[in-house]
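S.K.: Below is the structure I would like to discuss, written out as structure tokens.
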Amino acid sequence: MGLSPSQPNVELFSAECFGGPPELTEIPTPGKHIFCLLAELFGARSRGGVTLASADPLAAPVVDTGFLSDALDAEVLAEACRFANDIVMRGEGMAGVVKGSWPPEAGHSELQTRDEWVRHVRQNATTCYHASGTCAMGSPSDPLAVVDPNLCVRGVSGLRVADCSIIPLLGCCHTQMPAYGIGEKAADLIKATWSHGDATLAKL
């Protein structure tokens, strides 16, 4: 998992809100309170794909997210959820305070086995808005690379991509900071192109 053996596999963070799946729209009734201890997977191994549906440039592409297609991703995230649940339900200062799952019928606070948690993860995991890598950057020898190291789209004149879609492998972090860095680097590359008098690639 991850880009190196020393990197973490998961992050746990709490939120004073209901961060459950979008289909669970219920909110607590008056006099009740909920919070979330979220488990986020780092260094995911699963890979999806984006292919053209037709030669029509206006046609939506075919997107296969591939989320949790690698069994290890589901296993690691399931263990993170089990550990987080153990903290909430039986941890120091927590036992007896938290009453259980929300909505109550979800029942995930009572799950015990790895298989149960893997099932829970596959049914309820979301992307947390961090999906990336659909226009991955790579070397000229990489057949799957969409943009080059200057963020220029291969085979297309005058077009760059400057967002998290260029990340070939997600690091162990939230994507907000890489997004800022990519944007700043793109600005530097565009300024450098203009300063050299080559406006062809700079017209975005």
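The values are calculated or read from the model by the stated rules, or taken from the named source; none is laboratory data. The structure displayed is predicted, hence computed values, not measured ones. Ideal geometry is used to build each Cβ from the backbone, glycine not excepted, and the neighbour counts take in all protein chains shown.
S.K.: Can you tell me how many residues in region 25-50 are of a type outside the set (A, V, I, L, M, F, W, C), out of contact with any Asp or Glu (no Cβ under 8 Å at 6 or more places or on another chain) and either surrounded by fewer than 12 Cβ atoms within 10 Å (Cβ to Cβ) or not in a loop (DSSP other than H, G, I, E, B) (or both)?
M.R.: Qualifying residue count for the region: 7.
S.K.: Go through PRO104, PRO143, PRO149 for me and flag whichever is exposed (fewer than 11 other Cβ atoms within 10 Å of the Cβ), under 30 Å from ALA187 (Cα atoms) and either of a type in the set (A, V, I, L, M) or without any contact (Cβ under 8 Å) to a residue 60 or more places away in the chain (or both). Steps first, answer last, please.
M.R.: Values: PRO104 fails: under 30 Å from ALA187 (Cα atoms); PRO149 fails: exposed (fewer than 11 other Cβ atoms within 10 Å of the Cβ).
It is PRO143.
S.K.: Could you go through region 58-69 and let me know if any residue there is assigned by TED's automatic domain parsing to the domain that holds TRP117, over 24 Å from the mean Cα position of the chain (by Cα) and more than 19 Å from THR126 (Cβ to Cβ). I'd like the intermediate steps shown before the answer.
M.R.: So the first thing to find is which residues in region 58-69 are assigned by TED's automatic domain parsing to the domain that holds TRP117, and the list is 58-69.
From the residues that got through so far, the ones that are over 24 Å from the mean Cα position of the chain (by Cα) too are 58-59.
Still in the list and also more than 19 Å from THR126 (Cβ to Cβ): 58-59.
Checked region 58-69: at least one residue is assigned by TED's automatic domain parsing to the domain that holds TRP117, over 24 Å from the mean Cα position of the chain (by Cα) and more than 19 Å from THR126 (Cβ to Cβ).
S.K.: Which of the numbered conditions does THR193 fail, given that it passes all the others? Conditions: (1) of a type outside the set (Gly, Ala, Ser); (2) in the same structural domain as LEU77 (by TED's automatic domain parsing); (3) assigned to a helix (DSSP H, G or I).
M.R.: Here THR193 clears every test but (2).
S.K.: Further question on the same structure: Just checking, does region 167-174 include any residue being under 22 Å from the mean Cα position of the chain (by Cα), over 24 Å from SER46 (Cα atoms) and modelled with pLDDT of 90 or more?
M.R.: Step one: filter region 167-174 for residues under 22 Å from the mean Cα position of the chain (by Cα), giving 167-174.
Okay, now just the ones that are also over 24 Å from SER46 (Cα atoms), so none.
No - not one qualifying residue is present in region 167-174.
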